[in-house]
Every structure is written in C-alpha cells, then in structure tokens.
Amino acid sequence: MIRFITAGESHGPCLTAILEGFPAGLQLDIDAINRELARRQQGYGRGGRMKIEQDKVEITAGVRFGQTLGSPITLTIHNKDWANWQERMAVSGQPQGSPVTAARPGHADLTGVQKYDRQDIRDILERASARETAARVAVGGVAKQFLHGLGMNIVSHVTNIGGAAVDRQDIDYRFIANEWTGSDLNCVEPAVEEKMKRAIDAAKQRGDTLGGIFEVAVLNVMPGLGSHVQWDRRLDTRLAAALMSIQAIKGIEIGAGFTFAGLPGAQAHDEIFYDQSAGYYRKTNHAGGIEGGMSNGETIVARAVMKPIPTLMTPLASVDISSREQVVANTERSDVCAVSAAAVVGEAMTAIVVAEAVLEKFGGDSFGDVLAAIDHYRKRISR
C-alpha cells in the first residue's frame, strides 16, 4: 500500500513529503522529477511567485545510487522565498508585522481560523495554499516513473478556460503522449488557446481570476485494477477523491461524466468486441476506462473543474475577524489562472492512485517481482 504525507507552509523553509510502499529496485531519475516540478510552475497567467521559485527536489532517504531501497523515501523542496519571510514565519520568537485579518471569500481563511482558534489568518492560508502541491508533484514523479517502467503513460491537457473550450471528441491521447511538445496553457488546439489567453488578459485587467477544466488520461492500463467488492476499493472512487483533494477543484467526471444525463443506454455504453490478436476491445470509451470500479483495459479518462482563484486584485467584500467590521478581502501575491498547473498536479495524483492499485493487485517487494506478476497475469487473461 502506498502512503504519503506532506508537510510545510507556502513561505516556510521547505516542503517535505515522506513516501512509502514502493518496491526496491526502481530506477529513479531525479531530473525527471524536477522536470515535473518545472511543468507545475509554468503556464500563462501565473503570478510573481513562479519567477522566484525554481523548484528542485532533494532526496534524503530511501534511494541509493539511483535505486529505491523499499524503505520510505523523503523528498524535500526548498522555498527560495523563505529568505524574505524568516521574520514573519519564524518557528520561535514573537510574530512580526501585522496579522492578516480580512478573510478571502472562497478560501480556507475564515473557516480555518474558526476551526483552529487562530487570530491571524496567515496561520491558515500558509498551509491551505496550493504551494503544497509541489510536494505532491514530486511524489507523483516517483509514481509516474514506476508506471512508465510498466509500460503505462499519463498525460493531461486543458479543455476549458473562461468558457473557451476545445472539442473533446477530437482529442488523440497518444498524440499528446508521443508527439506533442506542449504549449503555454497545455491546450492542444492553438486557436482555442489564443482565446483562453485573451480571456486571461481581460481578467487580469479587471483584477479578476479565471478557472477552467483539465483532463487526465492514463494509457496502456491493464484490466482489473481496483475492485467492485467494496466502495473504497473502487478505482473511480479513489481517483475522484484524489483529484478532488487538489486545491480549488470543485467537480470530477470519469469518462463521459455528466454527459450521461442526456444519453440513452444504447448510446451511453461501450460495446465489446474480440479480436484474436488484440483480445477484448471497445470502439468507444464513454466509461473512461473504468467499469464496475475496475479498469477495463481502455484509456482511463478523468476530468476536473477548477474554480477561479480566491485571491483577487480587485478584492471582494469581507469582514475583519478582529474588529468584525466590513472590509475588502486580503490580497496575497497570486495567479490570474492556474488551470495548466493544476493539470500537472492532476497527473501526479492520478499516478499515485494507479500505482497504488497496481501494487495492491500484484504486490512485490522488488520491482522485478512486480514485473513478473504482471507478466503472469497478462498471459492468464490472454488465454
């Protein structure tokens, strides 16, 4: 069973993740993890923080000479901006500067100070910040390398920002995986991406923010990951929970998702065919690669909607938690749009869930054991 936990604040010294459950003998490329971290920092509409931080991971446990040992892996990402925040975020001493007391609508600010009995909203916003996802992307970088070693690939793309949307019927996931070199907004249709950029520019001029939708796909998945026998073992349950855990995500679809509401059964379900060389297959994939809580061998497709970022440069109305007076919300350095970054986090969380499902089914204390078990399984189901 894969387990991980992250720690650290947005402007603290570092972010840390401890990851356990991966088998020994997995060859890790630290540069590949750093490339994932760099992808998370890119995107049109990002804020000034991305110009300061150049995230690099440091592995301090669980890996020796490039290979996992089967023991917990510790991943650390140092915050370069910590140098400017040491007085305000010190572990000891007395607080410096004025407390943050104007809660932002749509953020964890108000509910967090009520729940944890704090008088300074910074005690909440620092950990609630999406900066935490850098640690998740590092963990996902390990999971993606594990899956890649098994022949699986995970990709993402942005389908909608501010109402500018691509036609999802035309998406070729293998093109994205094998040929596409990416773009500013991780959108595969250049004309639509230009509309997205114009929408972001207009929002920035208004002091506003934009959300959108991204899609994650897992290619070359074997059937049988997950299970129908208990609610919490269903692969779609776990995938939906993982994606919903990303900051600002407010809705999840698997496959055709909410489109099913308008389809009759004859159009909704994927007919099954058989070929002696290819085995069982489907000509459509409305189910998004998951039936009965289990992968069915088709590409897994999940979609997530991200709400607009709560930090607006033209702030909304709020209340000061100290004086109870009507004020405008606090402003922090922020992005106008971060959907393309959220897509990278979505890839990471999807990789973690699928990797856990693989190890749950096939076990193995070494990577070689996992490969052998999968090979045996593929031969069995081919018969």
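The values are calculated or read from the model by the stated rules, or taken from the named source; none is laboratory data. Everything quoted here is computed from the prediction, not taken from an experiment. Neighbour counts run over all protein chains shown; Cβ positions are idealised from the backbone, glycine included. These accessible areas exclude ligands, DNA and RNA; they are computed on the full protein's heavy atoms, side chains included. Shrake-Rupley method; radii C 1.70, N 1.55, O 1.52, S 1.80 Å.
Taking the conditions exactly as written (over 26 Å from Ser156 (Cα atoms) and either small (Gly, Ala, Ser) or part of a strand (DSSP E or B) (or both)), does Ala90 satisfy them or not?
Against the criterion (over 26 Å from Ser156 (Cα atoms) and either small (Gly, Ala, Ser) or part of a strand (DSSP E or B) (or both)), Ala90 qualifies.
Among the residues of segment 140-155, is there at least one that is under 30 Å from Met313 (Cα atoms), more than 17 Å from the chain's Cα centre (by Cα) and not β-branched (Val, Ile, Thr)?
no
Show the residue pairs meeting these rules: Cβ distance below 8 Å; 6+ apart or different chains; first residue within segment 61-73 and among the aliphatic types (A, V, I, L, M); second residue assigned to a loop (DSSP other than H, G, I, E, B).
Going by the 8 Å Cβ cut-off, the qualifying pairs are Ala61/Ser71; Ala61/Pro72; Val63/Leu28; Val63/Leu69; Leu69/Gly62; Ile73/Phe22; Ile73/Gly62.
Looking only at strands (runs of 3 or more DSSP E) that lie completely in segment 1-75, which have at least 3 residues being open to solvent by less than 40 Å² (accessible area, probe 1.4 Å)?
The strands (runs of 3 or more DSSP E) meeting that bar are 14-20.
Output the number of residues of segment 299-319 satisfying the condition of being in contact with a strand residue (DSSP E or B) (Cβ under 6 Å, 6 or more places away or on another chain) and surrounded by 23 or more Cβ atoms within 10 Å (Cβ to Cβ).
Here the count works out to 6.
Among the numbered criteria (1) in contact (Cβ under 8 Å) with a residue 24 or more places away in the chain; (2) within 28 Å of Arg127 (Cβ to Cβ), which single criterion is violated by Asp236?
(2)
Report yes if some residue within segment 109-127 is in a loop (DSSP other than H, G, I, E, B), more than 27 Å from Glu20 (Cβ to Cβ), open to solvent by less than 90 Å² (accessible area, probe 1.4 Å) and modelled with pLDDT of 95 or more; otherwise report no.
Yes, because at least one residue in segment 109-127 is in a loop (DSSP other than H, G, I, E, B), more than 27 Å from Glu20 (Cβ to Cβ), open to solvent by less than 90 Å² (accessible area, probe 1.4 Å) and modelled with pLDDT of 95 or more.
Please work out if Asn330 is touching a strand residue (DSSP E or B) at 6+ places or on another chain (Cβ under 8 Å), assigned to a loop (DSSP other than H, G, I, E, B) and farther than 30 Å from His228 by Cα.
So Asn330 fits the description; yes.
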